[in-house]
Amino acid sequence: MVKNKIRPKRKIIRRTCTGCGKVKEKKEMLRIVRTQDGDIKYDLIGKISGRGAYVCYDIGCVESAFKKKSVSKTLKKDVSKNLKDDIINIISKGEEKI
Ligand SMILES: [Zn+2]
């Protein structure tokens with residue numbers, strides 16, 4: 001038996017996409033957050049506090065997440081279509097991170 005002494009120090013945080021249901025690294029996903037004020041916004045830096053829903057940087061996943069209302073269910077609040085359009089805009093422009 002080989003003892004594996006090398007362990008990565010950084011914990012990899014994984015999240016489930018509300019669109020396709022795949023589990024990916026958090027940093028590879030787009031976060032949609034419900035802030036403490038009750039606003040729903042996308043969170044490109046992952047630092048806004050509040051309840052979060054995650055989706056892949058993929059227009060298909062965003063469409064599916066909104067169609068299934070997975071985002072609303074996860075955030076326990078209705079999410080506007082404008083937000084979906086904004087997110088799709090961001091993805092289509094390729095602006096993954098600030
Ligand atoms: Zn996905």
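Quick note: the coordinates plus some simple rules give every number you see, no bench work behind them. On a predicted model such as this, the values are computed, not experimentally measured, just so you know. When we count neighbours, we look across all protein chains shown, and the Cβ atoms used for this are built from the backbone with ideal geometry, even at glycine.
Count, please, the residues in the stretch 4-46 that happen to be among the hydroxyl-bearing types (Ser, Thr, Tyr) and within 13 Å of the ligand (Cβ to nearest atom). Steps first, answer last, please.
Going through the stretch 4-46, the residues among the hydroxyl-bearing types (Ser, Thr, Tyr) turn out to be 16, 18, 35, 42.
Add one more test, that the residue is within 13 Å of the ligand (Cβ to nearest atom), and what stays is 16, 18.
Number of matching residues: 2.
For every residue, the table says whether it meets (1) touching a Ser or Thr at 6+ places or on another chain (Cβ under 9 Å); (2) under 11 Å from residue 18 (Cβ atoms); (3) β-branched (Val, Ile, Thr).
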{"residue": "55", "(1), (2), (3)": "yes, yes, yes"}
{"residue": "65", "(1), (2), (3)": "yes, yes, no"}
{"residue": "73", "(1), (2), (3)": "yes, yes, no"}
{"residue": "83", "(1), (2), (3)": "no, no, no"}
{"residue": "89", "(1), (2), (3)": "no, no, no"}
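Determine whether the stretch 57-72 contains at least one residue that is more than 13 Å from the chain's Cα centre (by Cα) and assigned to a loop (DSSP other than H, G, I, E, B).
Within the stretch 57-72, one or more residues are more than 13 Å from the chain's Cα centre (by Cα) and assigned to a loop (DSSP other than H, G, I, E, B).
Looking at the structure I just gave you, is residue 80 in contact (Cβ under 8 Å) with a residue 40 or more places away in the chain, exposed (fewer than 13 other Cβ atoms within 10 Å of the Cβ), away from the ligand (no atom under 11 Å from the Cβ) and polar (S, T, N, Q)? So that I can check it myself, show each step before the final result.
Details: in contact (Cβ under 8 Å) with a residue 40 or more places away in the chain: yes; exposed (fewer than 13 other Cβ atoms within 10 Å of the Cβ): yes; away from the ligand (no atom under 11 Å from the Cβ): yes; polar (S, T, N, Q): yes.
So residue 80 passes the test.
Looking at the stretch 26-53 only, could you name the residues that are β-branched (Val, Ile, Thr) and either farther than 13 Å from residue 88 by Cα or part of a loop (DSSP other than H, G, I, E, B) (or both)? I'd like the intermediate steps shown before the answer.
So the first thing to find is which residues in the stretch 26-53 are β-branched (Val, Ile, Thr), and the list is 32-33, 35, 40, 45, 48.
Scanning the stretch 26-53 gives 33, 35, 40, 45, 48.
Restricting the stretch 48-62 to residues that are surrounded by fewer than 21 Cβ atoms within 10 Å (Cβ to Cβ) and closer than 21 Å to residue 76 by Cβ, which is nearest to the ligand (Cβ to nearest atom)?
Ranking the qualifying residues of the stretch 48-62, first place goes to 52.
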